[in-house]
Amino acid sequence: MTAQPRDRTQTAQQAAQSGTGAAFAGRHVLVTGASRGIGWAIARAFAAQGAILTLSGRDTALLEQRRDTLGDRHAALTADLTDPAAAAAMVQQAVATHGPLDILINNAGYGASQPFAKMTAEHWDRMLGVNLSSVFHVTRAAIGGMLERKQGRIVNVASTAGLTGYAYVAAYVAAKHGVVGLTRALAREYASQGITVNAVCPGYVDTEMTAQTIDTIVQKTGRSAEAARAELAKGNPQGRLIAPEEVADAVLWLAGDAAGSVTGQCIAIAGGEVMS
């Protein structure tokens, strides 16, 4: 029997709306890529613990819908984080709205496959821009305020692709390895400044992005969606996809007081697929 996570989506959403939970009461948390998948699970989890959220993403309508679900005390800001000026402006607006950032969650990202021999420069640039450069742009814009206050938590959502290699996604793998390297470098640079920098590295998570991967497998191989899903799940020794809430739990711990001495760590959340 494989281990199955309990479904906490509804309870977390109810807690966020009712204001119960206080572990992060009053703390300003910026979550990028917050409208879907892992980012949305992270946003719900922080809101359920009393945080004040700035949700960032590209889909304005969905982002505002998510904000409304959590409550109007939170903010929703649309920005293209591959653009350094747009990323900086988004962070500045977040601070102007809710005050200094206590916690930054760099979750924005996107995966797409392309055989290396046929890979275009445009594909390479897009994967690095969305998955790595966006982390640089947002973190650079946010770090000054954390340094002034000598406190802050940064958690980067990387991937098992940042810890090992996978075929047909060389650009994505390179970008996520870059996120892991950036995490470790910043952790060392700011360890004496009251700022911790860590990463979580999920395997295949039950999100829209994985659903797109399944669709691609179906189109290219002719397999059924069920067979494609089972193939992805097989990479996890537990025989299942990861739930977004499991990733959110790890992020909350890294952002909390109990992890004050934890920095520079890249934690695999993959059922034993990758052991770091």
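Dipole check for the chain: with +1 at the C-beta of Lys and Arg, -1 at the C-beta of Asp and Glu, and the Cα centre as origin, the magnitude is about 320 Debye.
Expressed in units of 2.2 N^0.38 Å, where N is the residue count, the Cα radius of gyration of region 82-192 is 1.15. Amide H contacts for Cys266 (H built 1.01 Å from N in the peptide plane; partners 5 or more residues away or on another chain; cut-off under 5 Å): Ala199. With respect to the chain, whose longest principal axis is taken over its alpha-carbon atoms, helix 9-18 is tilted by about 10°. Translational diffusion of the chain, estimated by Stokes-Einstein from the Kirkwood radius over alpha carbon pairs at 37 °C in a medium of 0.692 mPa s, is 174 µm² per second. Between the amide H of His28 and those of Ile52, Asp102, Ile103, distances stay under 5 Å, these residues lying 5 or more places away or on another chain, with hydrogens modeled in the peptide plane. Of all lysines in the structure, the ones whose alpha carbon falls short of 22 Å from that of Lys118, not counting any fewer than 8 places away in one chain, are Lys176, Lys220. Of Thr60, Thr78, Thr183, the residue with the greatest mean-square motion in the GNM of the chain, using alpha carbon springs below 10 Å, is Thr60.
Pairs of Cα atoms in region 143-189 fall into 10 Å distance bins, from 0 up to the last occupied one, in shares of 25, 42, 22, 10, 1 percent.
Remark: region 53-59, residue by residue, has Karplus-estimated 3J(HN,Hα) of 10, 10, 9, 10, x, 9, 8 Hz, where x stands for each Gly or Pro and the curve is 6.51 cos²θ - 1.76 cosθ + 1.60 at θ = phi - 60°.
Where a number appears in this text, it was derived from the coordinates with a stated rule and is not lab data. Small disclaimer: the values here were computed from a predicted structure and weren't measured. With ideal geometry, Cβ positions are generated from the backbone for all residues, glycine too; neighbour counts draw on all protein chains shown.
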